[in-house]
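Notes follow the structure.
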Amino acid sequence: MRTFIAIALLISSLSSFGQSGTIRGIVLDSESGETIIGAAVTCATCENGNTATDLDGNFSLKAAPGAHVIEISYFTFQTLRLAGVQVNSNEVTVLGELALNPEDNLKLDEVLIVAEVQRNNEIALLTLKKKSTAMVDGISAARISQIGDATAVEAAKRVTGVTVEGGKYVYIRGLGDRYSKTTLNGMDIPGLDPDKNTIQMDIFPTDLVSNIVVSKSFTADQPADFTGGLLNIETKAFPDKKIASFSLSTSYNPAMNLNTNYLTYQGGKLDFLGFDDGTRRLPAGARGSSIPTPIFYPNSEVTSFVQSFNPTLGAMKQMSLMDLSMGYSTGNQWEGKKTTKSGETPKMGFVLSLSYKSNYNFYNDVFYGEYQRYIDPAAYELRYATKQQGQIGEKSTLLGGILGFAYKTNLKKFRMTLMHLQNGESRAGQFWIDNDAEAVGQSGYLAFSNNLEYNQRSLTNILFNGTTVKPEKNVEIDWRVAPTLSLSTDPDIRKTAFTYGTDTFFSAGAGGNPSRIWRYLQEVNVPFRYDVTKKYTFLDEPAKLLYGVGNAFKFRHYEILFYDMQFFGGQSWSDDDPNQVLNPANIYPNYPNRIYYQTGNNDPNPNEYSSNSNTASAYVSTEFSLNLRTKATLGLRAEHYIQRYTGRDQAYASGNITNGKNLTNDVVLNSLDLFPSLNVIYSLNESQNLRFSATRTIARPSFKELSFAQIIDPLTNRIFNGSFFQYAAWDGQLVETRINNADLRWETFWDRGQMFSISGFFKDFSDPIEMVRIAEQQTSTEFQPRNVGRGSMFGAEVEWNASFAGLSESMENLFFNGNVTFIDSRITMSDVEFNSRKSYERIGQTITNTRAMAGQSPYVLNGGVSYTTPESQTNFGVYYNVKGPTLQIVGLGLFPDVYSQPFHSLNFSFTTKLGKEKGISLKLRASNLLNDDVLSVYKSYQATDKIYSRYMPGWGLNGGLAFQL
Amino acid sequence: MKTFFQISAFASLAAFALTSCDPATPVDPNPGDNTNKIITENITVNETWYSDTTYQLGGRITVTAGATLTIQPGTVIKGEAGTGANATALLIARGAKLMAVGTASMPIIFTTVADEISHEQLMTGDFKGPNLDPNVSGLWGGVIILGNGIISASNSAGDVSEVQIEGIPTSDANGLYGGSDNTDNSGHLSYVSIRHGGTNIGAGNEINGLSLGGIGSGTTIENIEIVSNQDDGVEVWGGMINITNLVSWNAGDDAFDTDQAWGGTLDNFVIITPLDHCFELDGPEGSYTASHTIKNGNVQASSDDHTSHDLINTDANTPVSLEHIYITDIKPGQIINRVDAPAVFFTDIVLNVDTVQNFIKGGVTVPGITAGTTPKANTSVFSWTWAAQSGAIK
């Protein structure tokens, strides 16, 4: 496989002593964007006058200081001559990407002379986008650095059709996270959130990223479990020359930074590094079904057990600091001293990148609402059951490191990359909770809640990758193994809510007793793949055969431990400070509050499960030209997927062995699927393509979905039920969603990356999975993932990137780019859903049995205007991004649907290079200039929208400097 | 509805005397063998629990449809500690029966394993908790009886005839209640004291002392005492069950809670110091409606360490007739939350206060609510309760 790496081009001139310098470059096929192996590079005046490009298309020449002429030639390509290549003593002159044009039928048998070295670093990606038979798009490190994005998630937003949810998750073409997939260096990585299928992209600092490529159509060499898009993050591997840079940036958001109202809570000493130092650890003896309680335990044991819990239960105000981000990157490559037997000079390289980020969020007016319809069909408005209003402060700390080594000869390459990401997020919230007794199923109360949370995530990944090219056989072999360990822990989530009435106390039937939760997730992924690319000739045109095998094993262990504060007898509180609740005077056996903890954990624990899955895959795919205008990729992939589960239901866990259910590594999903794919590109002329693709893909239920887990969200009290539980309207058999995809696209390209395209797509979903509200429950809110009938969607997409050169010559470096996607999705409701909606039909309303698919936005719009100075030293841009109102939660009957509202994101960025040697980069960014809110609302026929959740991210400014050392 | 509540305490005592002399009452085949028996499996065939054994509930024990659990007078049942999924409870599913018929001299006690009460103690005539205070709650779940009576429920499935009982996750289908038979028979409870329960599953989702979901009029529930339950003392959802002679003491939430158009009558009761509402009376949630009657009771709204949130709490659509109720120990701020609901009727409600309108929302007066000092309950039938034996019933 080719790696399409666009490496930052930095022509610096560090002065040092010595004689000769080095010239390095990478040679590409301008037609395909692929690197050319074995191209002859000649330079009469250089020390090693002749060399050839290696398997990455790289070459390296030694030369005395001065100007040199280089010629690059390859069979069937026009020779490229570069004149005036300046070499300085002891320095590396990086020529970047050098594209060779294939000799066409006209046989312009002339040497193309390029007077100046092109500084566009995106040839590979742009050509890839233009020439690949599959629909791909991407963003390179160079572009990311130009725009100044700090994390992969911000950078990914620049890619056509990509939107970001919650600042973390990538949605492609408005399809939900279930239908998107993220890979790292082409390999599966585990998500860190058990509720999501894709990984949180905010944990990848852009310093570690070489490029991000999004595939929107499936080809057989890719995993089949994506539908909207597959996003691959390629980490940095091998710099062109010695690099060392240090960056520092800070952000200020008036609502969030330097705010004296910021909420936090007493954490640990290592919070600043993204680790908990043990402050939040589970007390000894808390695991298991029996913990020291006043029943059968001596008083002293109960007292010391309660005291072993952290006594901090309340949030506190503390001024937030400025956001801070630091990064250090270094890398180098050398030519080996000795040549190999075949006369090659091996090259070695390394890259090391470290980054640290800390940022503060403070949401001053957060609102969560639970609303209901009235029973009376003539009453249109909604009534509340519970309203929560308050503030949340959160601090996120991210520590990341990547260390990579690579070794290559002209025809062999080996690399190893070790990556570790560590993230700690501390959150403190305070809310007034107002529950209305008049609402159905509610008892009515007023409470004030302190919520303290910490989430610690880490991801450790090691990639081993070997590539061998056998020119005599026209074969390239690539193998990869990339084991990953990911951990996500929520230690000691604390919710403490005093209920206010005639007395102030903890009321189990109202605001609830204080509770604490520990959640542990461990996941190991071991993916492996072996791919072979063979070049051959078909109808006198070059063609490629790709085949390979792969295997991905995943193992997950998940556990939730829950504890409830109890009072042995009555309660009496002189003040309502939550931090005084666990004062020794209140702990058992001290009268009157006599606090002790009760466990919610059986042994075995029904909320503990282990799952594993194995995907064995094999594919064959061929890319060939039918004629000069038509190129096609036809492939077939087979995946055998098997998922196993170890866990039990509540009945079994509490000793009901006869009626309870217990699974021990039982197979819960087992399928062999074939995924055919056809991608065709037809060149209307030099600059216009017509594309078509027809593919079949799959979306599989997650580990959590195929389980007996029953997970309460402590903040909202919403309960997730695993799919294994059977109901009148559900047989407990959750299956995969199989999707047929068809895409059609017309596109046209001009110079400098300008383009315009129109696409249409259609997707047919059999057995789509949605979260369904459980009809039988009305006191609390329970959901379960279920297959819900059949879904389909039609989409239309327009994308453009155009210079303003047409208006004025002087504006040729001003670009307008963007994309708009419209999607019409339809799902046929189940009878249960339709009947329940029908029974709550308002007067004048007509309910039909179809609706939009949950999680599917009706439109996505990205647009931006950017300006780059001719020397690429200064860039500025204004970027706008919005996603249409999206059905977030399928409400039934009494409960209206919830839609996430469009968030109008407008951002500005400016980057420039300073200093005599232009070794300092300055970045300035402004975010959320429209100061929009993140809002989700209940919608019901002729009713005023009511808020489901709302928070205000505020506008922010970010400034940073990066120094080339 | 008034035709349904004409069961006097005297008549029920007579009925009980017949039951206790029934020659078919099973006899423990191995008397004295088991002093403590841990129950972990559901009861799917008829079973009898004997008074010489203490039964320990090891989880949520369900008597499933078709089965009858018979409990002898003087039997002590103790729930293990736990919360959430770990909560213990006795659940009588639709179509199952609980025959728990004690006597005034030999009641049946449901309590926590922390309670040292024993059959031997009951033999002495002392029914008080020996070691736990009467305000210790949340140590186990409670008793849940579900039937096929009509409920007025509207939930996400629309106007439905069955829903899931509060406190039991929907993954347990035995937690469904409601149907079309208002004469359904879920068994007979008499002289039953339920203590120290009400552990919770999540905020607002706890187990009541006695939960009655869709219980038909064929069921008999009389002479019941609930002591210190963390949630409601008794909660009734729909159905047509009549309840006679009830003591609800120190409920952590409401003393008596009704929902989903209960059509029965509560006759003769004493309510002592719940922490939330003395009466939390809700209306229908679906199109079906029925009205209930609550009559002949004494309510104590505060004590030294317990103050109820309010006195009577009804919704705008609640259908209830409140008759002959005497409320004492009223503190400023404790009110009757509305008097203008069209289907709420007040008859002879007597508050032991000087100025009655200070304790009615809006400061109004209504004919059915007056100041006075006349008790309304017949407390003589409660002599068997812990509350009476400890002097808590004034």
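When B:Val143, B:Val136 are screened for being farther than 23 Å from A:Phe725 by Cα and facing chain A (nearest Cβ under 8 Å), only B:Val136 passes.
Starting from residues that are of a type in the set (Phe, Trp, Tyr) and more than 14 Å from chain B (Cβ to nearest Cβ), keep the ones in the range A:723-773 and report whichever is nearest to A:Thr133 (Cα to Cα).
Step one: filter the range A:723-773 for residues of a type in the set (Phe, Trp, Tyr), giving A:724-725, A:727, A:730, A:746, A:749-750, A:756, A:761-762, A:765.
Within this subset, residues satisfying the condition of being more than 14 Å from chain B (Cβ to nearest Cβ) are A:746, A:749-750, A:756, A:761-762, A:765.
Numbers: A:Trp746: 13, A:Phe749: 15, A:Trp750: 19, A:Phe756: 17, A:Phe761: 16, A:Phe762: 18, A:Phe765: 24 Å.
Once the filter is applied, the top-ranked residue is A:Trp746.
Within the span defined as the range B:251-262, every residue fails to be more than 10 Å from chain A (Cβ to nearest Cβ), surrounded by fewer than 24 Cβ atoms within 10 Å (Cβ to Cβ) and of a type in the set (S, T, N, Q). Is the range A:823-831 home to any residue that is under 32 Å from the mean Cα position of the chain (by Cα), farther than 26 Å from A:Met135 by Cα and within 14 Å of another protein chain (Cβ to nearest Cβ)? Within the range A:823-831, one or more residues are under 32 Å from the mean Cα position of the chain (by Cα), farther than 26 Å from A:Met135 by Cα and within 14 Å of another protein chain (Cβ to nearest Cβ).
Which condition breaks for A:Lys408 when tested against (1) within 14 Å of chain B (Cβ to nearest Cβ); (2) buried (at least 18 other Cβ atoms within 10 Å of the Cβ); (3) over 30 Å from A:Phe505 (Cα atoms)? Failing condition for A:Lys408: (1).
Screening B:Asp310, B:Asp305 for residues that are surrounded by fewer than 19 Cβ atoms within 10 Å (Cβ to Cβ) and within 26 Å of the chain's Cα centre (by Cα) leaves exactly one candidate, B:Asp305.
Out of the range A:643-653, which residues are among the polar types (S, T, N, Q) and either away from every other protein chain (no Cβ under 14 Å) or surrounded by fewer than 19 Cβ atoms within 10 Å (Cβ to Cβ) (or both)?
A:Gln643, A:Thr646
Those residues that are buried (at least 16 other Cβ atoms within 10 Å of the Cβ) and in contact with a Phe, Trp or Tyr (Cβ under 6 Å, 6 or more places away or on another chain), I need them from the range A:619-631; list them, please. The answer is A:Val620, A:Phe624.
Condition check: modelled with pLDDT of 85 or more, in contact with a strand residue (DSSP E or B) (Cβ under 7 Å, 6 or more places away or on another chain) and more than 8 Å from chain A (Cβ to nearest Cβ). Does B:Leu212 satisfy that? When the stated conditions are applied, B:Leu212 passes them. Only one of the numbered conditions (1) in a loop (DSSP other than H, G, I, E, B); (2) closer than 21 Å to A:Thr737 by Cα; (3) within 14 Å of another protein chain (Cβ to nearest Cβ) is not met by A:Arg786, and that is (1).
Within the range A:814-832, being in contact (Cβ under 8 Å) with a residue 40 or more places away in the chain and part of a strand (DSSP E or B) holds for A:Leu814, A:Phe815, A:Phe816, A:Asn817, A:Gly818, A:Asn819, A:Val820, A:Thr821, A:Ile823, A:Ile827.
When the test is whether a residue is closer than 26 Å to A:Leu463 by Cα and crowded, with 19+ Cβ neighbours inside 10 Å, A:Gln333 passes it. Does A:Phe296 satisfy the condition of being aromatic (Phe, Trp, Tyr) and at pLDDT 90 or above? So A:Phe296 fails the test.
Residue by residue, here is whether (1) over 30 Å from B:Ser152 (Cβ atoms); (2) modelled with pLDDT under 90; (3) in contact with a strand residue (DSSP E or B) (Cβ under 7 Å, 6 or more places away or on another chain) holds:
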| position | (1), (2), (3) |
| --- | --- |
| A:Gly760 | yes, no, yes |
| A:Arg773 | no, yes, yes |
| A:Thr781 | no, yes, yes |
| A:Met793 | yes, no, yes |
| A:Val798 | yes, no, yes |
| A:Gly806 | yes, yes, no |
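Return yes when A:Phe720 is in a strand (DSSP E or B), within 13 Å of chain B (Cβ to nearest Cβ), under 26 Å from the mean Cα position of the chain (by Cα) and surrounded by fewer than 22 Cβ atoms within 10 Å (Cβ to Cβ) and no when it is not.
Working: in a strand (DSSP E or B): yes; within 13 Å of chain B (Cβ to nearest Cβ): yes; under 26 Å from the mean Cα position of the chain (by Cα): yes; surrounded by fewer than 22 Cβ atoms within 10 Å (Cβ to Cβ): yes.
It is true that A:Phe720 is in a strand (DSSP E or B), within 13 Å of chain B (Cβ to nearest Cβ), under 26 Å from the mean Cα position of the chain (by Cα) and surrounded by fewer than 22 Cβ atoms within 10 Å (Cβ to Cβ).
Counting the residues of the range A:276-320 that are surrounded by fewer than 15 Cβ atoms within 10 Å (Cβ to Cβ) and part of a loop (DSSP other than H, G, I, E, B) gives 8. Among the conditions (1) within 30 Å of A:Glu31 (Cα to Cα); (2) within 14 Å of another protein chain (Cβ to nearest Cβ); (3) small (Gly, Ala, Ser), the only one that A:Ser572 does not satisfy is (1).
One residue alone among A:Asp531, A:Asp492, A:Asp503 is touching a Ser or Thr at 6+ places or on another chain (Cβ under 6 Å) and either at pLDDT below 95 or in the same structural domain as A:Met565 (by TED's automatic domain parsing) (or both), and that residue is A:Asp503.
Matching residues to (1) more than 14 Å from every other protein chain (Cβ to nearest Cβ); (2) among the charged types (D, E, K, R):
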{"residue": "A:Arg594", "(1), (2)": "no, yes"}
{"residue": "A:Thr599", "(1), (2)": "no, no"}
{"residue": "A:Asp603", "(1), (2)": "no, yes"}
{"residue": "A:Ala618", "(1), (2)": "yes, no"}
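Test A:Val865 against the stated conditions and say whether it is in a strand (DSSP E or B), in contact with a Pro (Cβ under 6 Å, 6 or more places away or on another chain) and free of Cβ contacts under 8 Å to residues at least 60 places away in the same chain. In short, no. Note on the range A:365-401: residues that are among the basic types (Lys, Arg) and under 30 Å from A:Ser251 (Cα atoms) amount to 1.
Among the strands (runs of 3 or more DSSP E) confined to the range A:538-639, the ones with at least 2 residues that are touching a Pro at 6+ places or on another chain (Cβ under 7 Å) and assigned by TED's automatic domain parsing to the domain that holds A:Ser654 are located at A:541-567.
Can you spot a residue in the range A:840-855 that is without any contact (Cβ under 8 Å) to a residue 12 or more places away in the chain and assigned by TED's automatic domain parsing to the domain that holds A:Glu809? Yes; the residues of the range A:840-855 include at least one that is without any contact (Cβ under 8 Å) to a residue 12 or more places away in the chain and assigned by TED's automatic domain parsing to the domain that holds A:Glu809.
So that you can scan it fast, the table gives a plain yes or no per residue for (1) closer than 30 Å to A:Asp751 by Cα; (2) more than 14 Å from chain B (Cβ to nearest Cβ); (3) polar (S, T, N, Q):
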{"residue": "A:Gly655", "(1), (2), (3)": "no, no, no"}
{"residue": "A:Val668", "(1), (2), (3)": "no, yes, no"}
{"residue": "A:Ser671", "(1), (2), (3)": "no, yes, yes"}
{"residue": "A:Tyr682", "(1), (2), (3)": "yes, yes, no"}
{"residue": "A:Ser687", "(1), (2), (3)": "yes, yes, yes"}
{"residue": "A:Lys704", "(1), (2), (3)": "no, yes, no"}
{"residue": "A:Ala709", "(1), (2), (3)": "no, no, no"}
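Considering the range B:249-285, the residues that are outside any loop (DSSP other than H, G, I, E, B) and aromatic (Phe, Trp, Tyr) include one that is nearest to B:Ile226 (Cα to Cα), namely B:Trp249.
Quick check, is B:Asp231 out of contact with any Ser or Thr (no Cβ under 8 Å at 6 or more places or on another chain), within 12 Å of chain A (Cβ to nearest Cβ) and not in a strand (DSSP E or B)? Yes, satisfied.
Among the listed residues A:Asn455, A:Asn435, identify the single one that is polar (S, T, N, Q) and either away from chain B (no Cβ under 14 Å) or within 28 Å of the chain's Cα centre (by Cα) (or both). Please lay out each step first, then the result.
On the way: A:Asn435 fails: either away from chain B (no Cβ under 14 Å) or within 28 Å of the chain's Cα centre (by Cα) (or both).
Answer to the check: A:Asn455.
The values are calculated or read from the model by the stated rules, or taken from the named source; none is laboratory data. All values derive from a computational prediction rather than experimental measurement. Counting neighbours? That spans all protein chains shown, and the Cβs are built from the backbone with ideal geometry, glycine included.
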